[in-house]
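K.L.:
Here's a structure for you.
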């Protein structure tokens, strides 16, 4: 037997190592959090600063010569709010469609080969779409031939099946205990009932995560809006933000808009648009955060 002093010494050293690891891990996470938050704080500070201070590089983490000029110019344009409504409509249609198709594809692909005979074939068909793309021109021609150009469906249907989300949810479904599905089958449940009454309620954390991914993807997309929308009135918000700075048309501006441009700079205008464009997603995140938990399946099977 080891002496009591040696045991105590070993326990003290293990505890000390654990304390050092916890401190180092905490410091590392604080640094990562600051790297994520500080750029956003800087953007907010620039957006509320005067054009002179922003152009001269005086703004760091606090506004200099506080002003709402950039926000008044951005929010005062009718096109900004119209494009925001288009983006909200895109999210309202695209996110439920993404989740519905993701769930209906991931569920059969999560089964074993003896349960779904051609599972491997379908899995490879979906997987290959992640590696190869038909190209921009065939993609555009296909959407045009379907008559989807200049409509909200051109922004929603081409990305209706996010393959990466399918892979994530497929792996989550595979971790659901088989006993739950077997119990449902014994009670007379068919595949539809098992999916919507067993798998979907248990998979709320994964589905909430995929919903956030889908919302962010739809909200941040701008290239498809520029390509597929012939009428600028149908631009989503990010496409509008791309054009409002790059393609400033003074002929279409009022005298008040031109005067406001003298009070703002390119940096303050872009910063205000970035913050306003990120604000809805930042506001929606806390409502989904409660689902980001682990081990929800633990304890569901007893015995």
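K.L.:
(1) more than 16 Å from the chain's Cα centre (by Cα); (2) farther than 29 Å from residue 128 by Cβ: which one isn't true of residue 173, the others all being true?
P.N.:
It fails just one condition, (2).
K.L.:
Hey, another quick one. Name, by its number, the condition in (1) over 30 Å from residue 265 (Cβ atoms); (2) in a helix (DSSP H, G or I); (3) under 18 Å from the mean Cα position of the chain (by Cα) that does not hold for residue 125.
P.N.:
Tallying (1) over 30 Å from residue 265 (Cβ atoms); (2) in a helix (DSSP H, G or I); (3) under 18 Å from the mean Cα position of the chain (by Cα), residue 125 fails exactly one: (3).
K.L.:
Take the residues in region 45-96 that are at pLDDT below 80 and part of a loop (DSSP other than H, G, I, E, B); name whichever of them is surrounded by the most Cβ atoms within 10 Å (Cβ to Cβ).
P.N.:
77
K.L.:
Residue by residue through region 109-128, note down the ones that are in contact with a helix residue (DSSP H, G or I) (Cβ under 7 Å, 6 or more places away or on another chain) and closer than 21 Å to residue 206 by Cβ. So that I can check it myself, show each step before the final result.
P.N.:
Quick first cut of region 109-128, residues in contact with a helix residue (DSSP H, G or I) (Cβ under 7 Å, 6 or more places away or on another chain) only: 109-111, 113, 116, 119, 122-123, 126.
Of everything in region 109-128, those that are in contact with a helix residue (DSSP H, G or I) (Cβ under 7 Å, 6 or more places away or on another chain) and closer than 21 Å to residue 206 by Cβ turn out to be 109, 110, 111, 116, 119, 122, 123, 126.
The values are calculated or read from the model by the stated rules, or taken from the named source; none is laboratory data. Every value quoted in this text rests on a predicted model; they were computed, and no experiment measured them. Virtual Cβ from ideal backbone geometry, glycine too; neighbours counted across all protein chains shown.
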